[in-house]
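Right, one structure below, let's go through it.
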Amino acid sequence: MEKTIISEGRTTNEAIENGLKQLNVKKDCVEIKVLENEDKRSFFSILAPRIVKVEMTLKERNKDNNDKPIKKEIELTEEQQEKAHENLEEFLKEFIKKLPEGTKYKINNTKSHIEVEIVNGDLGYLIGYRGESLYALQNILSVIAGKGIENKVRVILDIGGYKEKREKTLEELAQKVAKTVIKTRKPVKLEPMQAYERKIIHSKLQENSKVQTTSVGEEPYRRIIVSIKN
């Protein structure tokens, strides 16, 4: 998919709607230029089928290939880090009692976020399909960590080294898709992904001078399209 497309319809509105469906974005995400207006028809073309053409260009969003702007991280004070750590410790001590025997956890404080790692070889159900359960639990832990703290606390959760494995899988997928796009010269639309996963794809393909990546759609169905560079 190119960043600029030409869309057609019997009216201007229909041409725009067709283009928005093709790009899978909302109207405020594109710049629109009418190339052929339905009102400008000559006597000799009056019997011809009415066709309106519009040029639609994806607006530049940010450096993360049209993903939402990355918010500046809020630094946590040492006191806030300790409070967040205590909140998580209190919850996780009880939580792991409900998990398979031998499950352990580790909490690491940083100025920008709190890292939590849960380790056990039999926690696939806690990760879920493509990490859905993991990310849901991560959101819950963020709320728990922020209890009694004015600033929002971001928790980054990993379970059994899942994220490292997933990152490797996504990097391999990015390379495979890039080869397909270069060979066929046709865009490839990937399945919806978490923002964290889209960032991995974007970063990996920035190294490739022949393809480009664009994020389209709204969460949680936002996805990447890989296409030949103009």
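I need the full set of residues from the range 174-195 which are in contact (Cβ under 8 Å) with a residue 12 or more places away in the chain and in contact with a Lys or Arg (Cβ under 9 Å, 6 or more places away or on another chain), in order please.
Scanning the range 174-195 gives A174, Q175, A178, V181, I182, K189, L190, E191, P192, M193, Q194, A195.
Looking for something farther than 23 Å from M193 by Cβ and either buried (at least 16 other Cβ atoms within 10 Å of the Cβ) or touching a His at 6+ places or on another chain (Cβ under 9 Å) (or both) - is there at least one such residue anywhere in the range 126-139? Steps first, answer last, please.
As a first pass, look at the range 126-139 and keep what is farther than 23 Å from M193 by Cβ: none.
No.
Which count do you get for residues in the range 37-92 that are at pLDDT below 80, among the basic types (K, R) and assigned to a helix (DSSP H, G or I)?
0
Just one of the numbered conditions (1) within 25 Å of I96 (Cβ to Cβ); (2) of a type in the set (V, I, T); (3) within 18 Å of the chain's Cα centre (by Cα) is not true of T169; which one?
Going through the list (1) within 25 Å of I96 (Cβ to Cβ); (2) of a type in the set (V, I, T); (3) within 18 Å of the chain's Cα centre (by Cα), T169 breaks only (1).
Give the residues of the range 158-205 that are of a type outside the set (D, E), under 19 Å from G217 (Cα atoms) and in a loop (DSSP other than H, G, I, E, B), sorted by residue number.
Selection gives P187, L190, P192, M193, Q194.
Between T180, T214, which is over 22 Å from G131 (Cα atoms), outside the structural domain of C29 (by TED's automatic domain parsing) and within 12 Å of the chain's Cα centre (by Cα)?
Working: T180 fails: within 12 Å of the chain's Cα centre (by Cα).
None of the other options fit; the residue is T214.
Is it the case, given these coordinates, that Q194 is surrounded by fewer than 20 Cβ atoms within 10 Å (Cβ to Cβ), farther than 28 Å from T103 by Cβ and modelled with pLDDT under 90?
Values: surrounded by fewer than 20 Cβ atoms within 10 Å (Cβ to Cβ): yes; farther than 28 Å from T103 by Cβ: no; modelled with pLDDT under 90: yes.
Criteria not met by Q194.
When the residues of the range 209-220 are filtered to those that are within 15 Å of L20 (Cβ to Cβ) and not in a strand (DSSP E or B), which remaining residue is modelled with the lowest pLDDT? Full working, then the answer.
So in the range 209-220, the residues within 15 Å of L20 (Cβ to Cβ) come out as 214, 216-218.
Next, only the ones that are not in a strand (DSSP E or B) stay: 217-218.
Values: G217: 88, E218: 85.
Ranking the qualifying residues of the range 209-220, first place goes to E218.
Are any residues in the range 126-152 more than 20 Å from the chain's Cα centre (by Cα) and either assigned to a loop (DSSP other than H, G, I, E, B) or touching a residue at least 24 places away in the same chain (Cβ under 8 Å) (or both), and if so, which ones?
Listed by number, the residues that qualify are L126, L141, I144, A145, G146, K147, G148, I149, E150, N151, K152.
The values are calculated or read from the model by the stated rules, or taken from the named source; none is laboratory data. Predicted, not measured: the structure shown is a model, and the values here were computed from it. Cβ: placed from backbone, ideal geometry, glycine included. Neighbour counts: every protein chain shown.
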